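The values are calculated or read from the model by the stated rules, or taken from the named source; none is laboratory data. Note that the structure is predicted; figures quoted are calculated from it, not measured. Note that each Cβ is placed from the backbone with ideal geometry, even for glycine, and that neighbours are counted across all protein chains shown. Note: accessible area is taken over every heavy atom of the protein model, side chains too, but ligands, DNA and RNA are not part of it. Shrake-Rupley method; radii C 1.70, N 1.55, O 1.52, S 1.80 Å.
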Amino acid sequence: MLQIRIHGRGGQGVVTAAEMLSLAAFEQGHHAQAFPSFGSERTGAPVVAFCRIDDHEIRLREPILAPDVLIVQDPTLLHQVDVFQGLQPGGYVLINTRRTFDELGLADISKHFRHERLTTVPATDIALRHLGRPLPNAVLLGGFAALAGLVTLDAVEHAIRHKFSGKVADGNIAGAREAYAYVQNEMKELAHAQAS
């Protein structure tokens with residue numbers, strides 16, 4: 001079973017991201033579930049959402065304490081909340097920022113986890129370009145598809161179309177595609193740097 005924890009702030013579409021990710025997995029023939037965990041329900045408050053993906057029926061309902069994947073929609077949470085708590089040794093991490101792990105003060109994270117599974121993508125900047133609003137959730141799902149290869153970009157696009165329509169869907173899909181290409185490029189550069 002793949003367990004994904006998404007950290008963000010109220011108003012950033014954290015819960016919607018988990019729902020779209022579960023839809024994308026379902027689209028590919030997997031069992032999936034998504035659910036939120038709210039603290040104070042207000043804009044800007046820390047929010048966590050969870051997504052589980054498996055080839056068998058999922059009976060678990062509790063919060064994810066040992067995620068295989070972390071998606072961080074708001075980098076200001078990195079030093080306020082222990083977002084890395086419980087992350088599995090082979091885990092994937094995707095952070096919404098243009099800065100590197102070292103620039104974020106996360107050098108120990110990059111030492112203890114696999115470099116090819118840690119990356120950043122400027123999802124808010126991409127969302128502003130395509131949507132005119134700082135909503136990074138769907139954009140990050142495109143980046144996640146490129147990073148982990150656990151869901152396809154096509155399935156992410158279908159999930160976006162299921163959740164949104166018209167210009168909002170088009171903008172989110174364009175953003176997800178840009179993030180997918182951005183993360184693919186990051187992965188190529190990392191592979192090239194490691195080969196040198």
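Give the peptides 133-145, 17-29 in descending order of average Cβ contacts within 10 Å, highest first.
Working: 133-145: 27.2, 17-29: 22.8.
Most protected by this proxy first, the peptides run 133-145, 17-29.
With a cut-off of 8 Å between alpha carbons and a minimum separation of six or more residues, what is the relative contact order of segment 74-182 in percent?
Details: 146 pairs, mean separation 27.0, N = 109.
The normalised contact order for segment 74-182 reaches 25 percent.
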| query | Which of the lysines could a cross-linker span from Lys111 if the Cα-Cα distance has to be under 25 Å and same-chain partners fewer than 8 positions apart are dropped? | reply | Lys188
| query | If you look at just the Cα atoms of the chain, how large are its Rg and its Dmax in Å? | reply | 15.5, 48
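For the chain, what's the relative contact order in percent, using C-alpha pairs closer than 8 Å and at least 6 residues apart? All intermediate terms of the calculation are to be shown ahead of the outcome.
Numbers: 396 pairs, mean separation 40.5, N = 196.
RCO, the chain: 21 percent.
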| field | Neighbourhood net charge (14 Å Cβ-Cβ; Lys/Arg +1, Asp/Glu -1) for Leu118 | value | -3
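If you roll a 1.4 Å probe over the chain with all protein chains in place, what percent of the accessible area is carbon or sulfur?
Numbers: 4820 of 9460 Å².
Carbon and sulfur atoms account for 51 percent of the accessible area of the chain.
Kindly identify segment 53-159 as rounded, prolate or oblate by the Cα gyration tensor criterion: order the square roots of the eigenvalues as a ≥ b ≥ c, call it rounded if a/c is under 1.5, otherwise compare a/b with b/c, prolate if a/b is larger, else oblate. Present the calculation step by step, with values, prior to reporting the outcome.
Values: a/c = 1.61, a/b = 1.03, b/c = 1.56.
Here segment 53-159 falls in the oblate category.
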| field | Paramagnetic label zone (point 7 Å from Cα along Cα-to-C-beta, Ala45; backbone N under 17 Å) in segment 79-117 | value | 81
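Output the DSSP H helices from the chain with an along-axis C-alpha extent of no less than 27 Å and a mean Kyte-Doolittle hydropathy no less than -1.0.
Numbers: long enough: 166-195 (44 Å, -0.48).
Going by DSSP H runs, the hits are 166-195.
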| task | Can you spot the aspartates and glutamates whose alpha carbon is less than 17 Å from Lys163's alpha carbon? Ignore those fewer than 8 places along the same chain. | result | Glu19, Glu27, Asp154
| Taking K and R as +1 and D and E as -1, what net charge do the other residues with C-beta under 12 Å from the C-beta of Met20 add up to? | -1
